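Visitor: Questions regarding the structure given below will be posed in turn.
The values are calculated or read from the model by the stated rules, or taken from the named source; none is laboratory data. The model shown is predicted, which means the values in this text are computed figures rather than measured ones. Cβ atoms come from the backbone with ideal geometry, glycine included; neighbour counts cover every protein chain shown. SASA here: full protein model, heavy atoms, side chains in, ligands and nucleic acids out. Shrake-Rupley method; radii C 1.70, N 1.55, O 1.52, S 1.80 Å.
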Amino acid sequence: MTGVQTCALPILTSRAKVIQPGNRTWVTVIEAIGSNGFLLPPMIILAAKQHQASWYQDLHPDWTIGVSETGWTNDQLGKKWLEAFNKHTKTHTAGVYRLLVLDGHGSHATAEFDHFCSENKIICLYLPPHSSHLLQPLDVACFGPLKHAYGQQIQNFMKLGINHIDKDDFLE
């Protein structure tokens, strides 16, 4: 069994020295953890039209970067993540079938996503809408502390007068 969650974090893009920067772009991180403790490599979705070579300089080779105009996942990126999930969980699963617990995001509920799951013996369990913060342990144990730590780091940068964090800085 594997649970998957997405987490959106802001990247500050304002160079003005202000307490609350006005410009932000969003990054979505898709994480998954198996019931046996296996951590799947994350997929990081950046708001961009195309990939940049600088993003890959220090990136772990198993991590995936996707781009979308909004920084949010979409049907194509959801399918790309599912293919990575399939690749990484085949060797970490005892049985033939794998259970994938998902939030109700639309990118997980397409015919193509469903067909891929059926072909690869992945059973999807969809949580009710707007309930993942209550039902998904990743929201409490992983993303809550991650968002808090990221917010603290942003505050520390701002105290030092650093209020521009670009995608390269974020990935580092």
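Visitor: Apply the a/c threshold of 1.5 to the C-alpha gyration tensor of the range 38-109 and tell me whether it is rounded, prolate or oblate.
Guide: oblate
Visitor: While we're looking at this one, here's another question. Write out the GluC sites (Glu not before Pro) in the range 61-149 meeting two conditions: DSSP loop, and at most 13 other Cβ atoms within 10 Å of their Cβ.
Guide: Passing sites in the range 61-149 are GLU69.
Visitor: Between the range 84-101 and the range 110-167, what's the alpha-carbon centroid distance in Å?
Guide: Their Cα centres are 20 Å away from one another.
Visitor: Let me ask another. Return one whole number: the accessible area per residue of the range 50-143 in Å², for a 1.4 Å probe. Before the final figure, lay out each step's value.
Guide: Working: 5720 Å² over 94 residues.
I get 61 Å² per residue for the range 50-143.
Visitor: Tell me the relative contact order for the range 62-172 as a rounded percent, counting alpha carbon contacts under 8 Å between residues six or more apart. Don't skip to the end; give the middle numbers.
Guide: On the way: 64 pairs, mean separation 22.9, N = 111.
Worked out over the range 62-172, it gives 21 percent.
Visitor: Okay, next question. May I ask which of LYS79/LYS147; LYS80/LYS167; LYS79/LYS159; LYS49/LYS79; LYS79/LYS167; LYS121/LYS147 have a Cα-Cα span longer than 30 Å here?
Guide: LYS79/LYS159; LYS121/LYS147
Visitor: Turning to a different aspect of this structure: What is the mean projected area of the alpha carbon convex hull for the range 105-162, to one decimal in square nanometres?
Guide: Taking a quarter of the hull surface, the average projection is 6.0 nm².
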